[in-house]
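Computed from the coordinates by the stated procedures, all read-outs in this text should not be read as laboratory data. Source: prediction; values computed, not measured. Note that we place each Cβ from the backbone using ideal geometry, even for glycine, and neighbour counts take in every protein chain shown.
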Amino acid sequence: MAVRILDKIKTSQDRFEIRLSGSGGQGMIFGSVVLCEAIGKEGAKNVVQSQSYGPEARGGASKADVVISSEEIYYPKAMKLDLLLAMTQEALDKYYKDLKENGILVVDTSLVTEMPTKDYYGLPFTQMAREEAGHVMVANVVALGAICALTGIVKKEDLIEAVLLRAPRGTEDRNRKALEIGYNEALKLKK
């Protein structure tokens with residue numbers, strides 16, 4: 001799957017669109033900013049991030065988009081998703097229709113129980129964050145690690161660096177561990 005994504009982005013007129021979705025407080029905006037910075041680090045691709053969330057600070061719907069292209073990006077919003085991360089059932093139900101026919105669906109099986117398709121990657125990101133990384137607040141970073149492993153869209157080292165630059169002081173080790181957990185578990189899914 002990583003080859004398909006990287007080949008797609010290398011074509012001169014294609015865009016690759018990612019949506020991270022969940023509920024307010026799950027860190028989808030943080031995740032999209034980190035992903036955007038990691039992808040843009042080498043300067044080989046143009047990348048832009050946009051976000052939207054409900055009126056509630058926590059608990060309302062939240063989405064953040066990352067658009068990647070070899071060309072100039074004239075419209076920063078995602079139009080037809082190549083990859084959708086759904087951290088909640090509500091997010092999946094709301095945004096699945098925006099996923100391309102052959103798009104990649106990644107779900108948090110801790111919180112998503114009803115899948116619209118059999119073609120998806122599922123890991124219990126929230127559960128792994130709580131039980132293996134020590135705090136539920138790093139579930140977004142576990143998911144980023146998984147996306148990195150599943151797609152090859154960004155170098156793992158660049159993603160780790162971007163996470164550590166943005167992570168709150170004192171949480172660096174937990175965030176690094178969370179990313180490694182997601183990355184390693186997703187590699188098992190690819191086999």
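Here Thr117 meets each of (1) exposed (fewer than 15 other Cβ atoms within 10 Å of the Cβ); (2) over 21 Å from Tyr96 (Cβ atoms); (3) of a type in the set (S, T, N, Q) with one exception, condition (2). Filtering segment 96-122 to residues that are among the acidic types (Asp, Glu) and either at positive phi or in contact with a Ser or Thr (Cβ under 9 Å, 6 or more places away or on another chain) (or both) leaves only Asp108. Criterion applied to Val107, Val34, Val67, Val48 was being within 26 Å of Leu164 (Cα to Cα), free of Cβ contacts under 8 Å to residues at least 24 places away in the same chain and β-branched (Val, Ile, Thr), and the one residue passing it is Val107. Among the residues of segment 92-106, those identified as part of a helix (DSSP H, G or I) and either among the β-branched types (Val, Ile, Thr) or surrounded by 17 or more Cβ atoms within 10 Å (Cβ to Cβ) (or both) are Leu92, Tyr95, Tyr96, Asp98. Residues in segment 68-85 that are in a strand (DSSP E or B), under 21 Å from Lys41 (Cα atoms) and aliphatic (A, V, I, L, M): Ile68, Leu83.
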